[in-house]
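*Asks:* Please see the structure below; I have some questions.
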6 protein chains.
Amino acid sequence: MSERYIRGIEIAERLAPEKLDQFATSRVAELAPDFARMAIEFPLGDLYARDGLDLRSREIVAIASLAALGNAGPQLRNHIRAAATVGLTKAEIIEILMQTAIYAGFPAALNALSSCHDLLTDECPRQAARRVAGQG
Amino acid sequence: MSERYIRGIEIAERLAPEKLDQFATSRVAELAPDFARMAIEFPLGDLYARDGLDLRSREIVAIASLAALGNAGPQLRNHIRAAATVGLTKAEIIEILMQTAIYAGFPAALNALSSCHDLLTDECPRQAARRVAGQG
Amino acid sequence: MSERYIRGIEIAERLAPEKLDQFATSRVAELAPDFARMAIEFPLGDLYARDGLDLRSREIVAIASLAALGNAGPQLRNHIRAAATVGLTKAEIIEILMQTAIYAGFPAALNALSSCHDLLTDECPRQAARRVAGQG
Amino acid sequence: MSERYIRGIEIAERLAPEKLDQFATSRVAELAPDFARMAIEFPLGDLYARDGLDLRSREIVAIASLAALGNAGPQLRNHIRAAATVGLTKAEIIEILMQTAIYAGFPAALNALSSCHDLLTDECPRQAARRVAGQG
Amino acid sequence: MSERYIRGIEIAERLAPEKLDQFATSRVAELAPDFARMAIEFPLGDLYARDGLDLRSREIVAIASLAALGNAGPQLRNHIRAAATVGLTKAEIIEILMQTAIYAGFPAALNALSSCHDLLTDECPRQAARRVAGQG
Amino acid sequence: MSERYIRGIEIAERLAPEKLDQFATSRVAELAPDFARMAIEFPLGDLYARDGLDLRSREIVAIASLAALGNAGPQLRNHIRAAATVGLTKAEIIEILMQTAIYAGFPAALNALSSCHDLLTDECPRQAARRVAGQG
């Protein structure tokens with residue numbers, strides 16, 4: 001295991017501790033274990049681990065880039081979770097997604113908000129369950 | 001003049017005071033004055049003016065989105081200037097652009113850095129002039 | 001309620017009267033009611049409401065832009081419905097989607113046609129039901 | 001020469017008669033004469049030549065798609081010229097470009113307007129010359 | 001039937017013989033039979049049929065372009081099947097998808113690998129069934 | 001210097017020996033020397049250096065991805081040079097660029113061919129000089 005990988009895993013644990021196991025057994029890791037390793041080493045071990053920008057700012061970069069590109073649903077969801085872990089509030093994340101409408105258009109912003117609705121709502125789980133059941 | 005426009009102009013002055021006049025006489029304003037107005041009202045008057053996210057974070061959103069999209073050169077340059085005005089250091093802006101390589105690829109990040117080199121270098125103007133003249 | 005909002009809602013009613021309620025209770029409106037309002041005010045209240053271009057032409061702009069971008073499925077569906085409401089025939093909408101292959105490639109055009117098949121077919125509902133049930 | 005090519009050339013002459021010669025001697029035709037031929041046959045001979053949509057509507061499709069994609073400068077310029085030839089007014093073309101801000105963001109719309117300013121302004125040539133010379 | 005169509009169908013049979021019927025009855029062919037024909041004539045009859053590049057190389061072009069664009073799922077799947085038919089190994093196809101991370105970012109490469117996992121794994125069907133059933 | 005960097009530089013020398021010095025003194029290296037190093041380590045040291053795909057195929061991946069994305073001019077030019085170095089003929093590179101029209105549209109393919117015309121023509125330098133001088 002490279003130092004870069006170890007450094008990357010440390011970052012991954014700070015961003016989303018509960019996701020690590022899932023990633024390790026994911027479909028990409030099964031097909032291309034070296035690429036799954038590189039996807040830790042370069043983004044997290046090389047870039048996120050650098051001192052020049054705090055993790056909160058790095059998660060703003062991630063969410064804004066991914067929402068603007070508009071075709072990276074799973075990554076956007078992961079980084080919205082990570083952003084909450086490093087201290088961004090749901091209200092701030094919603095503001096970030098709204099702002100991407102300026103640069104990438106309304107559909108990009110609306111679809112990002114809509115597809116991550118469950119991660120951004122303040123609704124308590126019981127309410128959500130009722131709503132899905134059509135009783136809300 | 002709408003309240004939204006006035007609010008937008010106030011933001012514009014905080015982000016890039018010296019650019020306002022230039023904008024007002026720009027080619028877009030000449031062709032489509034209503035659209036030049038809307039480009040203040042919606043992005044600045046409606047979104048930037050909101051309380052939910054500080055201007056430093058908003059400029060990170062702008063730079064990351066624009067670099068990831070990769071075809072918005074003039075806007076990227078304006079927001080790199082604005083980011084410096086609201087307190088991001090050049091080193092931080094460089095980190096943001098580097099990080100977009102993760103999401104949008106190396107060419108997007110390399111071309112953003114290269115095309116904004118003059119705004120991000122610490123070189124003093126005399127050195128730059130010498131270098132261009134081939135003496136450096 | 002701003003004048004822009006009222007003007008936008010009037011346009012929305014002309015484009016897709018039966019969709020308004022659904023929008024008002026949508027997941028975006030729940031998370032970000034201000035953004036749901038802005039998504040009426042700016043696109044419809046500011047732009048669609050202008051005199052300079054008829055609604056039929058505006059719906060051609062919407063469908064062509066959204067099909068070319070290729071990652072705005074829900075919006076493409078809404079505007080295909082709206083286009084039919086303001087007088088474009090299904091055959092014309094199919095021509096528009098075919099033409100986007102020139103500018104954005106075959107996959108963009110094929111996937112737009114395929115994902116909106118149900119909105120563009122002339123099949124009567126009973127036939128469609130049979131086909132889905134494997135009897136057609 | 002295929003029928004499709006002849007049909008395509010007829011369309012090209014209706015859209016932009018003065019551009020045909022220039023195209024025939026262009027850099028693409030020099031490198032890849034078969035592709036220059038295909039670029040007439042498929043877009044113009046196969047699609048534009050069809051009866052299902054009038055040329056005015058087809059030019060709206062072209063301008064909206066190209067402005068939304070944001071990286072097809074030369075083609076956007078050609079189709080803005082063609083749009084004027086088939087009867088769209090400059091004011092209508094400006095409305096189309098403004099509207100693309102909804103779907104593709106403000107930079108796409110602003111840069112399309114700015115880069116085609118010379119084709120869309122009503123300024124007479126003498127005024128333009130004065131303005132460039134700094135006397136206007 | 002045009003010569004181009006016949007030539008295109010011959011290529012289609014070499015690339016993916018078992019897919020032809022399915023295509024002919026697809027939703028696009030139902031809505032827009034002329035466009036389904038063009039989607040054989042131009043890509044396959046005009047370009048793939050040319051001598052200048054072998055089919056193995058053409059499938060590398062297809063997979064790399066489609067993975068980089070990131071919003072053409074069905075076409076990427078078809079061309080991964082075709083690539084295997086013309087002699088690319090699964091390991092080579094995985095390398096191609098990994099490499100697109102350089103140009104289009106990690107999400108494009110990861111999502112391409114993940115969404116085509118079933119086409120690229122060497123797992124025997126019995127193992128796959130067990131894994132899905134949660135017994136593996 | 002990491003092993004990955006040394007491995008990457010060896011690849012860079014095989015792809016484009018004469019470009020290395022230029023890169024080392026480029027504007028990106030000046031602003032962000034760590035990123036210039038990473039742009040060797042990850043793309044070349046990690047991916048290109050792998051055994052699973054020959055360099056000729058890797059250059060097809062590069063050219064197809066970059067032409068399809070359509071906003072990476074300098075990288076497309078570098079990889080067209082590299083492709084010629086590892087054995088692709090100019091005629092094959094032209095076929096690759098033509099084929100990207102299928103997936104990314106005609107403008108992407110036409111602009112790639114046009115912007116790399118000087119690298120792909122067989123014209124001898126003297127002819128080119130005459131043509132530029134208006135004598136050809």
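The values are calculated or read from the model by the stated rules, or taken from the named source; none is laboratory data. Nothing here was measured: the structure is a model prediction, and the numbers come from that model. Quick reminder, even Gly has a Cβ in these numbers, built from the backbone with ideal geometry, and neighbours come from all protein chains shown. To get the accessible areas, we keep the full protein, side chains included, count just its heavy atoms, and leave off ligands, DNA and RNA. Shrake-Rupley method; radii C 1.70, N 1.55, O 1.52, S 1.80 Å.
*Asks:* Residues being part of a helix (DSSP H, G or I), of a type in the set (Gly, Ala, Ser) and within 18 Å of A:THR89 (Cβ to Cβ): count how many of those fall in the range B:37-55.
*Replies:* Adding up the residues that qualify gives 0.
*Asks:* A further question follows. Give me the pairs, please: first residue somewhere in the range E:109-121 and within 7 Å of another protein chain (Cβ to nearest Cβ) and within 16 Å of A:ASP34 (Cβ to Cβ), second residue anywhere and hydrophobic (A, V, I, L, M, F, W, C) and outside any helix (DSSP H, G or I), beta-carbon distance under 8 Å, and either six or more positions apart or on two chains.
*Replies:* E:LEU113/A:ALA32
*Asks:* Okay, next question. Would you check if E:ASP46 is out of contact with any helix residue (DSSP H, G or I) (no Cβ under 8 Å at 6 or more places or on another chain) and among the charged types (D, E, K, R)?
*Replies:* For E:ASP46, the condition - out of contact with any helix residue (DSSP H, G or I) (no Cβ under 8 Å at 6 or more places or on another chain) and among the charged types (D, E, K, R) - is not met.
*Asks:* Scanning for something among the aromatic types (Phe, Trp, Tyr) and either over 26 Å from E:GLN99 (Cβ atoms) or under 16 Å from the mean Cα position of the chain (by Cα) (or both), does the range A:99-108 turn up at least one residue? Reasoning before the result, please.
*Replies:* Initial filter on the range A:99-108 (among the aromatic types (Phe, Trp, Tyr)): A:103, A:106.
Then keep just the ones that are either over 26 Å from E:GLN99 (Cβ atoms) or under 16 Å from the mean Cα position of the chain (by Cα) (or both); that gives A:103, A:106.
Checking the range A:99-108: at least one residue is among the aromatic types (Phe, Trp, Tyr) and either over 26 Å from E:GLN99 (Cβ atoms) or under 16 Å from the mean Cα position of the chain (by Cα) (or both).
*Asks:* Next up: Would a scan of the range C:113-126 turn up a residue that is buried (at least 23 other Cβ atoms within 10 Å of the Cβ) and assigned to a helix (DSSP H, G or I)?
*Replies:* Checking the range C:113-126: at least one residue is buried (at least 23 other Cβ atoms within 10 Å of the Cβ) and assigned to a helix (DSSP H, G or I).
*Asks:* Taking the range B:67-93 as the region of interest, how many residues are among the aliphatic types (A, V, I, L, M) and in contact (Cβ under 8 Å) with a residue 60 or more places away in the chain?
*Replies:* Adding up the residues that qualify gives 2.
*Asks:* Only residues that are more than 9 Å from chain C (Cβ to nearest Cβ) and in contact with a helix residue (DSSP H, G or I) (Cβ under 6 Å, 6 or more places away or on another chain): list them for the range A:89-103, please.
*Replies:* A:ILE93, A:ILE96, A:GLN99, A:THR100, A:ILE102, A:TYR103
*Asks:* Residue by residue through the range D:60-97, note down the ones that are open to solvent by 20 Å² or more (accessible area, probe 1.4 Å) and hydroxyl-bearing (Ser, Thr, Tyr).
*Replies:* Residues satisfying the conditions are D:THR85, D:THR89.
*Asks:* Please indicate, with yes or no, whether at least one residue in the range E:46-54 is within 16 Å of F:ASP54 (Cβ to Cβ) and more than 11 Å from chain A (Cβ to nearest Cβ).
*Replies:* Within the range E:46-54, one or more residues are within 16 Å of F:ASP54 (Cβ to Cβ) and more than 11 Å from chain A (Cβ to nearest Cβ).
*Asks:* Let me ask another. When you scan the range C:15-33, do you find a residue that is of a type in the set (S, T, N, Q), in a helix (DSSP H, G or I) and open to solvent by less than 10 Å² (accessible area, probe 1.4 Å), even just one?
*Replies:* No; the residues of the range C:15-33 include none that is of a type in the set (S, T, N, Q), in a helix (DSSP H, G or I) and open to solvent by less than 10 Å² (accessible area, probe 1.4 Å).
*Asks:* Which condition number does E:GLU41 fail, the rest of (1) within 14 Å of chain A (Cβ to nearest Cβ); (2) out of contact with any Leu (no Cβ under 8 Å at 6 or more places or on another chain) being met?
*Replies:* The number of the failed condition is (1).
*Asks:* Further, regarding this structure: Filter the range D:56-111 for residues that are not in a helix (DSSP H, G or I) and not small (Gly, Ala, Ser) and give the result.
*Replies:* D:ASN71, D:VAL86, D:LEU88, D:THR89 - these are the residues of the range D:56-111 that are not in a helix (DSSP H, G or I) and not small (Gly, Ala, Ser).
*Asks:* Is there any pair linking a residue in the range A:54-66 that is free of Cβ contacts under 8 Å to residues at least 12 places away in the same chain and under 12 Å from A:THR100 (Cβ atoms) to one that is part of a helix (DSSP H, G or I) and hydroxyl-bearing (Ser, Thr, Tyr), with Cβ under 6 Å and at least six apart or on different chains, and which?
*Replies:* Final answer for the pair search is A:SER65/B:THR100; A:SER65/B:TYR103.
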